[in-house]
1. Go through 246-255, 133-142, 95-104 and give me the packing order, highest mean Cβ count within 10 Å leading.
2. Kindly identify the range 179-265 as rounded, prolate or oblate by the Cα gyration tensor criterion: order the square roots of the eigenvalues as a ≥ b ≥ c, call it rounded if a/c is under 1.5, otherwise compare a/b with b/c, prolate if a/b is larger, else oblate.
3. What order, most packed first, do the peptides 71-83, 226-238 have when packing is the mean number of other Cβ atoms within 10 Å of each residue?
4. Starting from the Cα gyration tensor of the range 21-113, multiply each eigenvalue by 5, take the square root, and state the resulting semi-axes largest first in whole Å.
5. For a bin width of 10 Å, list the pair-distance distribution of the range 68-209 built from all Cα-Cα distances, rounded to whole %.
6. Each residue of the range 160-167 in turn: what ³J(HN,Hα) in whole Hz from Karplus with 6.51, -1.76, 1.60 and θ = phi - 60°, glycine and Pro shown as x?
7. Work out from phi, with θ = phi - 60° and the Karplus expression 6.51 cos²θ - 1.76 cosθ + 1.60, the ³J(HN,Hα) of each residue of the range 22-29, listed in order in whole Hz, and give x for Gly and Pro.
8. State in Å² the accessible area per residue of the chain; use a 1.4 Å probe, count heavy atoms of protein chains only, and round to the nearest integer.
Amino acid sequence: MQYYKIPPPAQLSGFVKCFWVGEMAPVPGKELRHLSIATGAARIVFHYEGRFGSEAAGGGWEPSFLAGFQGQSAAHRQFVSAERSGIFGVELLPGAVPALFGMPATELTGAFAELGSVLGKTGDQWQRRMLSAAGNGERAQLAGEFLTALAPRRHAEVVPAAARELAFGGMVEGIDALAQRFNTSRRQFERTFRNGTGLSPGTYGRILRFERAVGKIPGNRRLTDVALDSGYYDQAHFIRDFRELAGMSPGQYRKAIAGLPFPEE
């Protein structure tokens with residue numbers, strides 16, 4: 001598997017964390033397996049080569065969309081493919097969905113939604129241009145131009161600022177204290193945060209801690225140390241979160257991603 005990141009244009013610094021590319025080729029006689037674990041960020045994904053799919057509820061194989069939104073979610077899924085796959089992704093930041101697309105982020109929570117179903121004809125046109133591009137350098141340019149045209153001149157800072165607070169100990173401080181810091185009631189703060197991220201502050205903070213642990217899993221560090229360094233106070237909560245948010249224990253997850261690239265932030 002090849003995986004790398006492409007920095008977005010400076011105009012998108014408050015909306016897009018990064019563009020990324022993942023290219024995978026199956027081993028003969030073996031399917032490609034992609035773990036979709038819980039995430040606090042919405043993504044836009046373009047399958048420019050091959051497609052993944054998942055087992056349908058009534059049996060059989062259900063193909064993924066060619067291009068669409070993968071919403072923030074506390075759930076996990078597995079996708080498979082028997083063919084070479086290439087994916088271009090856009091990793092969005094907290095507050096980006098309402099700012100760029102004029103809708104509450106809650107509409108994307110847990111969703112895998114086709115681009116056209118969310119953005120209409122504009123989304124269909126963007127999809128065609130992205131999938132027919134000559135390479136990922138051109139896709140990065142097209143994505144940058146498309147999203148920059150949507151970016152507002154002023155961006156409400158409450159949700160991004162609150163997300164940063166949660167990343168640096170805000171859950172320890174408590175939601176009431178965070179609400180006071182932003183001069184609002186707890187109820188109003190939670191409503192604003194959910195509208196911007198699609199998740200409650202508590203769920204977002206939990207997924208953020210889990211994502212920190214995911215980034216530390218590769219390698220040979222003791223899992224107890226990974227748990228403590230990621231903000232877990234005991235091994236039981238660490239294991240429980242992995243089982244619920246990744247579908248497997250931390251040890252099983254380490255084996256599942258062994259050999260896959262995890263570039264530095």
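The values are calculated or read from the model by the stated rules, or taken from the named source; none is laboratory data. Note that the structure is predicted; figures quoted are calculated from it, not measured. All Cβ positions, even for glycine, are placed from backbone atoms using ideal geometry, and neighbour counts span all protein chains on display. Please note that ligands, DNA and RNA were not included when accessible areas were found on the heavy atoms of the full protein model with its side chains. Shrake-Rupley method; radii C 1.70, N 1.55, O 1.52, S 1.80 Å.
1. 95-104, 246-255, 133-142
2. The shape class here is prolate.
3. Top to bottom by mean Cβ count within 10 Å: 71-83, 226-238.
4. Each semi-axis is √(5λ); the values are 25, 15, 11 Å.
5. Binned Cα distances yield the sequence 10, 36, 32, 17, 5, 0.
6. Result, rounded to whole Hz: x, 5, 5, 5, 5, 4, 5, 6.
7. So the J values, rounded to whole Hz, are x, 10, 9, 10, x, 6, x, x.
8. I get 51 Å² per residue for the chain.
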